[in-house]
1. From Arg95, Arg82, which residue is free of Cβ contacts under 8 Å to residues at least 60 places away in the same chain and basic (Lys, Arg)?
2. Only one of Ser232, Ser242 is surrounded by 15 or more Cβ atoms within 10 Å (Cβ to Cβ) and either modelled with pLDDT under 95 or in contact with a Lys or Arg (Cβ under 7 Å, 6 or more places away or on another chain) (or both); which?
3. What number of residues within region 73-116 are surrounded by fewer than 17 Cβ atoms within 10 Å (Cβ to Cβ) and hydroxyl-bearing (Ser, Thr, Tyr)?
4. In region 11-42, what count of residues is obtained for those that are in a helix (DSSP H, G or I) and either in the same structural domain as Ala144 (by TED's automatic domain parsing) or under 17 Å from the mean Cα position of the chain (by Cα) (or both)?
5. Looking only at residues that are among the charged types (D, E, K, R) and either touching a helix residue (DSSP H, G or I) at 6+ places or on another chain (Cβ under 9 Å) or in the same structural domain as Gly189 (by TED's automatic domain parsing) (or both) in region 43-53, which one is surrounded by the most Cβ atoms within 10 Å (Cβ to Cβ)?
6. If Val49 satisfies every condition in (1) closer than 17 Å to Ala81 by Cα; (2) hydrophobic (A, V, I, L, M, F, W, C); (3) at pLDDT below 95 but one, which is the exception?
7. Scan region 174-195 and tell me whether some residue there is at positive phi and basic (Lys, Arg).
8. In region 132-149, which residue that is over 16 Å from Asp9 (Cβ atoms) and aliphatic (A, V, I, L, M) is surrounded by the fewest Cβ atoms within 10 Å (Cβ to Cβ)?
Amino acid sequence: MTLEALIFDVDGTLAETEEWHRHSFNAAFAETGLDWHWDQATYARLLEVTGGKERIRHFAAGRGEVIDAGSIARLHAAKTARYVASIEAGTVALRPGVSRLLHEAREAGLRLAIATTTTPENVTALLRTTLGPDGVGLFECIGAGDMVAAKKPAPDIYQFVLDRLRIEPGRCIAFEDTPNGLQAARGAGIATVVTTSLYGGTAGFEDALMVVDGLGDADSSCRVLREAPLDSAVLRVADLRSALGEIPRSADHA
């Protein structure tokens with residue numbers, strides 16, 4: 001099967017953004033007079049629930065508190081405004097190797113897309129800040145937020161992207177960092193590379209095409225945690241094609 005597209009999750013995959021989401025949630029809680037505070041352990045548990053509004057609802061229910069949909073929407077909007085401002089201030093960088101692989105993929109003629117549960121505003125803020133004004137334009141399709149009814153681990157956001165790209169799932173590779181993300185991509189029939197992250201853990205990735213600790217760059221090598229080692233210190237388009245079974249790796253490097 002010929003590789004034609006790469007589809008990326010955002011939080012934890014493109015950048016280690018979850019801590020900034022956590023800080024933004026806490027700032028929004030304080031701003032609205034709530035006595036809520038999510039420490040790292042609490043937030044790690046809450047990340048098992050995909051979607052910010054869904055996490056707010058889940059946390060409130062766990063405390064026996066009732067919060068209506070309008071209040072959740074306003075609270076989440078306040079959090080998003082805080083988060084976007086922090087990203088636009090340049091507080092977050094892409095993970096090592098992300099920019100390199102994105103541009104290498106485009107040069108190789110691959111199509112790029114995003115499939116995430118975070119809001120579109122969060123995505124565009126990150127891409128513009130880290131990749132420049134043309135960063136959003138690198139991606140042919142951005143599937144985000146509430147564009148689908150069911151969020152990850154449901155495959156809906158990946159199916160949304162596949163439909164927009166008009167491409168077969170077997171011609172794509174997804175990039176994720178959590179078991180929920182992997183389940184979503186695999187549910188849509190897409191082979192998936194897992195890049196382990198701060199909050200994503202290291203378990204639950206048995207169905208991944210490959211598990212790595214990053215994509216690798218000049219100053220940060222890529223270490224394969226599961227499947228065959230790479231021929232170099234970085235994950236390249238040639239490695240992805242080989243993993244998908246398009247071409248033997250040795251032939252490509254001859």
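The values are calculated or read from the model by the stated rules, or taken from the named source; none is laboratory data. Owing to the predicted nature of the structure, the values given are computational and were not obtained by experimental measurement. As a convention, Cβ positions derive from the backbone with ideal geometry for all residues, glycine included, and neighbour counts pool all protein chains shown.
1. On the way: Arg95 fails: free of Cβ contacts under 8 Å to residues at least 60 places away in the same chain.
The conditions single out Arg82.
2. Details: Ser232 fails: surrounded by 15 or more Cβ atoms within 10 Å (Cβ to Cβ).
The conditions single out Ser242.
3. 1
4. Taking region 11-42 and keeping what is in a helix (DSSP H, G or I), we get 18-31, 40-42.
From the residues that got through so far, the ones that are either in the same structural domain as Ala144 (by TED's automatic domain parsing) or under 17 Å from the mean Cα position of the chain (by Cα) (or both) too are 18-22.
Selection size over region 11-42: 5.
5. Applying the first criterion (among the charged types (D, E, K, R)) to region 43-53 yields 45, 48, 53.
So of that shortlist, the ones also either touching a helix residue (DSSP H, G or I) at 6+ places or on another chain (Cβ under 9 Å) or in the same structural domain as Gly189 (by TED's automatic domain parsing) (or both) come out as 48, 53.
Numbers: Glu48: 12, Lys53: 19.
In this case the residue turns out to be Lys53.
6. Of the numbered conditions (1) closer than 17 Å to Ala81 by Cα; (2) hydrophobic (A, V, I, L, M, F, W, C); (3) at pLDDT below 95, the odd one out for Val49 is (1).
7. As a first pass, look at region 174-195 and keep what is at positive phi: 189.
Filter once more, keeping what is basic (Lys, Arg): none.
There is no residue in region 174-195 that is at positive phi and basic (Lys, Arg).
8. Ala149
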